[in-house]
1. Quote the charge dipole size of the stretch 15-106 about the Cα centre in Debye, to the nearest 20; the model charges only the Cβ of Lys and Arg (+1) and of Asp and Glu (-1).
2. Which listed residue (I42, A30, I98) has the Cα farthest towards the positive end of the charge dipole for the chain, taking +1 on Lys and Arg C-beta and -1 on Asp and Glu C-beta about the Cα centre?
3. Structure shown: which of K26/K56; K36/K56; K32/K70; K9/K55; K26/K82 lie over 24 Å apart, alpha-carbon to alpha-carbon?
4. Which three numbers, in whole Å and largest first, are the semi-axes of the equivalent ellipsoid of the stretch 18-74 derived from its Cα gyration tensor as √(5λ)?
5. Can you pull the Kirkwood radius for the chain, inverse mean 1/r over Cα pairs, to one decimal in Å?
6. For helix 28-43, what angle does its Cα long axis make with the longest principal axis of the chain, in degrees from 0 to 90 and rounded to 10?
Amino acid sequence: MLVRFAVDKWILDNDAAQTVEVDIAKNQHALKKWNKFKTVVINDPFYHPKPKRIKKLKTTTYPKGSYRYKDEPLRVVYYPEKSTKTVYPLAAGTSTNIPYKKRSKK
């Protein structure tokens, strides 16, 4: 007998998503990946079967418990709030303009 469990979907905060989406509006390839990001995080914002696609951030720039989603060229920093099952996108960009990455001082 096969037993299936109902998986509660998460909600993407639309106001935050629209604000962040402006940052990648000029990059068509990143916009295509944005739709994929939205689908992935409403299913499970903490895990993706592909290694390193979703990673918990250790930075102090964003709230504790923030995550990074990476699917070249798109990178999205988001905060999943467990109590309301809501995902809040905080920043989006490409590998060259995302604010969480540390830059070398060359």
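1. Numbers: 22 positive and 7 negative charges, 135 e Å.
Once rounded to the nearest 20, the dipole reads 640 debye.
2. Value: I98.
3. The pairs that break the limit, which is 24 Å between Cα atoms, are K26/K56; K26/K82.
4. After diagonalising the Cα gyration tensor, the semi-axes are 19, 15, 10 Å.
5. Numbers: mean 1/r = 0.0691 Å⁻¹.
Averaging 1/r across every pair of different Cα atoms and inverting gives 14.5 Å.
6. So the inclination is approximately 30 degrees.
None of the figures in this text is laboratory data; all of them are computed from the coordinates on show. Since the model is a prediction, treat every value here as computed from it, not as a measurement. All Cβ positions, even for glycine, are placed from backbone atoms using ideal geometry, and neighbour counts span all protein chains on display.
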